[in-house]
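Undergrad: So that we are looking at the same thing, I have put the structure below in structure tokens.
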Amino acid sequence: MPPPDATGGHQAAARLHVDGGCRLPRPVAGGTVLYMAPDEVLLRPMTPGDIRAAVAMFAAVTAEDRWVGTEAGFDQDRRAAMLAESLANPASHRFLIAVTRGGEVIASAHAQLTPYGVAEIGMAIAADWRGRGLGGRLLDALLVEIRDLGAHKVTLQVWPHNLRAIRLYASRGFATEGRLVRHYRRRRTGELWDAVIMSLVLDHTSAACPYGEGFE
Ligand SMILES: CC(C)(COP(=O)(O)OP(=O)(O)OC[C@H]1O[C@@H](n2cnc3c(N)ncnc32)[C@H](O)[C@@H]1OP(=O)(O)O)[C@@H](O)C(=O)NCCC(=O)NCCS
């Protein structure tokens, strides 16, 4: 459950729409309320009290064995400890979650600023909540955090078969930068999976490398 002081106006939020999409983000104290039929969810920064539920939600996504790089059976205690450490470093890490009125964590997203100024991101939505626009809202909110971090670029890796994710990132301006061929060995099957690199440049004004390309 989110702490009472983090729910803002969520409890009192009026129900305004009747279709199945993720509509009209509405800012409240501590986050943004999204309508997702038949109820509303709150998009807000993760707090230490959310870590266990967020890790459990992520574990369910890994159990599907097709969308994220982390495989089922990962060490949940270790991940929780790493999350706690990262949450304590807002200068380089940002975490967002989406929670139902009942307090269920249904989505999470994170950005980590590398020492060279690129934000690496990841996101995951619980299976029942996909394909309804939540990913777009989550990514938009994460991009606000990333600009606040001062990143000059955002990057991620995605499996080539993950068309929903690829379409989501492309819809926010991410470009495909390349493909890592037979790059990641799946621990459980031994298979080698390709990954697509997608990135969004935020700084278009800083000078580029002055040396051109190739040798003279
Ligand atoms: C990837 C993910 C974050 C996308 O969020 P989402 O809320 O499900 O996606 P959205 O509803 O915002 O839809 C994103 C795009 O995919 C399209 N889409 C929806 N369902 C789709 C499907 N089954 N196949 C292909 N495209 C689909 C949408 O139309 C939309 O494209 P558009 O903007 O051109 O219309 C979410 O599905 C998820 O968490 N998946 C499992 C974990 C994962 O893949 N994480 C990302 C790893 S890189």
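Every number here is computed from the coordinates shown, using simple stated rules; none is lab data. Model, not experiment: these values are computed from the prediction. Don't worry about glycine lacking a Cβ; one is built from the backbone with ideal geometry, like all the others, and counts go over all protein chains shown.
Undergrad: Do you know which residues across the range 189-216 are loosely packed, with under 10 Cβ neighbours inside 10 Å and either under 25 Å from T70 (Cα atoms) or touching a residue at least 60 places away in the same chain (Cβ under 8 Å) (or both)?
TA: G190, the sole residue that qualifies.
Undergrad: Does any residue of the range 71-82 turn out to be more than 10 Å from the ligand (Cβ to nearest atom) and of a type in the set (S, T, N, Q)?
TA: Checking the range 71-82: at least one residue is more than 10 Å from the ligand (Cβ to nearest atom) and of a type in the set (S, T, N, Q).
Undergrad: Which of the residues spanning the range 135-155 are among the small types (G, A, S), near the ligand (Cβ under 8 Å from one of its atoms) and touching a residue at least 60 places away in the same chain (Cβ under 8 Å)?
TA: G136
Undergrad: Determine whether the range 45-55 contains at least one residue that is surrounded by fewer than 13 Cβ atoms within 10 Å (Cβ to Cβ), assigned to a helix (DSSP H, G or I) and hydrophobic (A, V, I, L, M, F, W, C).
TA: There is no residue in the range 45-55 that is surrounded by fewer than 13 Cβ atoms within 10 Å (Cβ to Cβ), assigned to a helix (DSSP H, G or I) and hydrophobic (A, V, I, L, M, F, W, C).
Undergrad: Still on this structure, please answer the following. Quick one: what pairs do we get from the range 120-134, first residue on the phi < 0 side of the Ramachandran plot, second more than 8 Å from the ligand (Cβ to nearest atom) and assigned to a helix (DSSP H, G or I), C-beta under 6 Å, 6+ apart or different chains?
TA: A124/F58; A126/M57
Undergrad: Right, next: Only one of these is near the ligand (Cβ under 9 Å from one of its atoms) and either more than 21 Å from D50 (Cα to Cα) or among the small types (G, A, S) (or both): V181, V118, V158. Name it.
TA: That would be V158, the only listed residue that is near the ligand (Cβ under 9 Å from one of its atoms) and either more than 21 Å from D50 (Cα to Cα) or among the small types (G, A, S) (or both).
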